[in-house]
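**Q** One structure is given below, represented as structure tokens, and several questions about it will come after.
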Amino acid sequence: MKRTIPTGALAGLLWAAAFCFYPQWTLLRWFIGLAGLTLLLSLWSGVRAAKSPRAAAAGSFAFGLCAFSAGCYWIYHSVRIVSGGPVALAIALVVLLAAIMGCWYALGGYWAARMQPKRPWVALLLVLPSVLVLAEWLRGWVFTGFPWLSAGYLTAPAFAGRLPTILAPLGGMYLVGLATAMLAGACVLVWRIAPNRVRRATGLLALIGAAAGLGQIPLSEPNGQALGQLHARLVQGGIPQERKWLGEQFLPTLDTYEQLSFGQPMESAGSGPTLIVWPEVAVPQTQDFVRDYIDEMDRLLRARRIALALGILTETDAGRHNSLIVLGDGEGIYHKHHLVPFGEFFPVPDGIRDWLLSMNLPASDLVPGPSEQAPLMAGDAFCGVSICYEAAFGSEQRRWAPAAQVLINVSNDGWFGDTVALEQHLDMARVRAMETGRYLLRVTGTGITAAVDPRGRIIDRLPKYAAGFLDVSVPRLAGTTLYVRYGEWPVVVLCLLLGIALPAAGRIRKGGQPPFTPSEERE
């Protein structure tokens, strides 16, 4: 363990760096992330790993602990800076989340090291990448899931609109992640089999260069059937989270959104937007509290034949919901289904809830909406909706297609300040556009508001923490991708076969004997 834990920690820090720095040349962070992933898979393979699976698990835990402590540091900002919680609590929550994520990698590392096949190419190109994807898939849905910093979210945004992202509409983020892990496994294989350092370096440069070169091949436009244009105005209020719920800020907030929405004509040709989108809980009150305002806004919008989709808290017999409602020339209401644990609901006893309240932290539960809801209507456009955290879950967003012609994601990322969480969240939302073959309109209160095409490319975006609006015209698309039809299950089944069944069958044939003897492979 003297070597595995430091190696795993270094790999985790490299992985976090790939998700924490967003230079204009995105290949740089892709290379950094690939280096971290290659180091991780090197811990899972070879004689040393086979002789001590516990050491491989320990190194893998160190990978997860360091990757998520550094890559999700913005949780500290949310708890300490915005909510005013104690420093110790904020640090503890970051470390606790990182430790839980590290356990998934430790589980994967132990299995991979113990069950790896004798043939290096089978282990590194098939078994270990599949085990990695299974670990990511498990942490993406167990206990409501936390799919941040997954391999697919490294590669897909980095090569948006180019050849590697052709995998997203076929098998989603996990298929992209599997290809990324296979490339990392190939790097380890080259390093292991090359007879000297010169050939190792030459082989790695050729392999990574070829992968990066393929990543420069542009893709043609998707073949979805266009049903006309949707002219939209995306409104970003730029109101910091620290001021959003202050009583004296309520009327200025409404004035800000009204001025940005209706105070200026649309920049593009035409009579104006047919859809205006406000972000998550743009109106910082419940719908019943502002019923007169909502009714008057609805009447004025209908007269102007404009649809307004706005985020607001709503009340039903079931309880309070985080919702997006449509006013004016449209109809529908969407209640957020996938709530944020310890953000929107608190699975804790009443005593702990009281303690959270005493620490100046939110501790009241929202109620999730049903899993099956109808798309929203804005004029003639059918819109699939996700609210904030939901944009991270492709398996849930695919339910909107093929009925939805455009995707809308509204969010309130003001909880995270001017941190890298804003870019991370945008990148995950971009993958949803790739998977479904739809244009995405993303609207946030403080950034990053952007329009994304079906290849994941950003058409236009607003600067962070600035009030403004973005006028875009996007095609309303029909059609269905393979991912929309089948989800990630084909990829999961493939990984189960390659990562679980294949090595288990090999071990059974050998009567339970380990795959290596110390003299069979040179480390």
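**Q** Please go through (1) in contact (Cβ under 8 Å) with a residue 40 or more places away in the chain; (2) out of contact with any helix residue (DSSP H, G or I) (no Cβ under 7 Å at 6 or more places or on another chain) for A18 and return the number of the only condition it doesn't satisfy.
**A** (2)
**Q** Here's a follow-up. Between W415, W400, which is at pLDDT below 90 and in contact with a Leu (Cβ under 8 Å, 6 or more places away or on another chain)?
**A** W400 is the lone residue from the list that is at pLDDT below 90 and in contact with a Leu (Cβ under 8 Å, 6 or more places away or on another chain).
**Q** Kindly indicate whether A50 is modelled with pLDDT of 95 or more, part of a helix (DSSP H, G or I) and either at negative phi or in contact with a Lys or Arg (Cβ under 9 Å, 6 or more places away or on another chain) (or both).
**A** The answer is no for A50.
**Q** To continue, here is another question. Name the one entry in E423, E435 that is surrounded by fewer than 21 Cβ atoms within 10 Å (Cβ to Cβ), closer than 28 Å to V491 by Cα and under 17 Å from the mean Cα position of the chain (by Cα).
**A** Numbers: E435 fails: surrounded by fewer than 21 Cβ atoms within 10 Å (Cβ to Cβ).
Just one listed residue meets the conditions, E423.
**Q** Only one residue in E396, E390 is surrounded by fewer than 24 Cβ atoms within 10 Å (Cβ to Cβ), closer than 15 Å to W148 by Cβ and either acidic (D, E) or more than 15 Å from the chain's Cα centre (by Cα) (or both), so which one is that?
**A** E390
**Q** Within segment 483-491, can one find any residue that is outside the structural domain of W121 (by TED's automatic domain parsing) and touching a Leu at 6+ places or on another chain (Cβ under 6 Å)?
**A** Looking for residues that are outside the structural domain of W121 (by TED's automatic domain parsing) and touching a Leu at 6+ places or on another chain (Cβ under 6 Å), one finds none in segment 483-491, hence no.
**Q** Scan segment 53-76 for residues that are part of a helix (DSSP H, G or I) and touching a Leu at 6+ places or on another chain (Cβ under 7 Å) and jot them down.
**A** A56, G59, S60, F63, C66, A67, F68, A70, G71, I75
Rundown of residues vs (1) without any contact (Cβ under 8 Å) to a residue 24 or more places away in the chain; (2) surrounded by 19 or more Cβ atoms within 10 Å (Cβ to Cβ); (3) within 25 Å of the chain's Cα centre (by Cα), yes/no style:
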{"site": "A49", "(1), (2), (3)": "no, yes, no"}
{"site": "A56", "(1), (2), (3)": "no, yes, no"}
{"site": "A62", "(1), (2), (3)": "no, yes, yes"}
{"site": "W74", "(1), (2), (3)": "no, yes, yes"}
{"site": "G84", "(1), (2), (3)": "no, no, no"}
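**Q** Now a separate question. Looking at A18, A35 in this structure, which one is under 19 Å from A211 (Cβ atoms), among the small types (G, A, S) and surrounded by fewer than 21 Cβ atoms within 10 Å (Cβ to Cβ)? It would help to see each step written out before you state the result.
**A** Details: A18 fails: surrounded by fewer than 21 Cβ atoms within 10 Å (Cβ to Cβ).
None of the others qualify; the one that does is A35.
**Q** Against the condition farther than 23 Å from V47 by Cα, under 16 Å from the mean Cα position of the chain (by Cα) and either not basic (K, R) or not assigned by TED's automatic domain parsing to the domain that holds V491 (or both), how does A179 come out, does it pass? Full working, then the answer.
**A** On the way: farther than 23 Å from V47 by Cα: yes; under 16 Å from the mean Cα position of the chain (by Cα): no; either not basic (K, R) or not assigned by TED's automatic domain parsing to the domain that holds V491 (or both): yes.
Answer is no for this residue.
**Q** Which of the residues spanning segment 402-423 are in contact with a helix residue (DSSP H, G or I) (Cβ under 6 Å, 6 or more places away or on another chain), in a helix (DSSP H, G or I) and either not aromatic (F, W, Y) or not assigned by TED's automatic domain parsing to the domain that holds P375 (or both)? Break it down into steps so the answer makes sense when it comes.
**A** The initial filter retains those residues of segment 402-423 that are in contact with a helix residue (DSSP H, G or I) (Cβ under 6 Å, 6 or more places away or on another chain), namely 409, 411, 413-417, 419-422.
Now drop any that are not in a helix (DSSP H, G or I), which leaves 413-416, 421-422.
Hits for segment 402-423 are D413, G414, A421, L422.
**Q** Scan segment 286-337 for residues that are modelled with pLDDT under 90 and either part of a loop (DSSP other than H, G, I, E, B) or aromatic (F, W, Y) (or both) and jot them down.
**A** D317, A318
**Q** Tally the residues that are polar (S, T, N, Q) and modelled with pLDDT of 90 or more, restricting the search to segment 66-115.
**A** Residues in segment 66-115 being polar (S, T, N, Q) and modelled with pLDDT of 90 or more: 1 in total.
**Q** Scanning for something assigned by TED's automatic domain parsing to the domain that holds E435, in contact with a Gly (Cβ under 6 Å, 6 or more places away or on another chain) and either within 30 Å of C495 (Cβ to Cβ) or at pLDDT 90 or above (or both), does segment 249-272 turn up at least one residue? Spell out the reasoning first.
**A** Kept after step one, since they are assigned by TED's automatic domain parsing to the domain that holds E435, are these residues of segment 249-272: 249-272.
The next check asks that each one be in contact with a Gly (Cβ under 6 Å, 6 or more places away or on another chain); those that pass are 256-257, 266.
Narrowing further to those that are either within 30 Å of C495 (Cβ to Cβ) or at pLDDT 90 or above (or both): 256-257.
Yes, segment 249-272 contains a residue that is assigned by TED's automatic domain parsing to the domain that holds E435, in contact with a Gly (Cβ under 6 Å, 6 or more places away or on another chain) and either within 30 Å of C495 (Cβ to Cβ) or at pLDDT 90 or above (or both).
The values are calculated or read from the model by the stated rules, or taken from the named source; none is laboratory data. Everything numeric here is computed off the predicted structure, so don't read it as measured data. Positions of Cβ are generated from backbone atoms using ideal geometry, with glycine treated the same way; all protein chains shown enter the neighbour counts.
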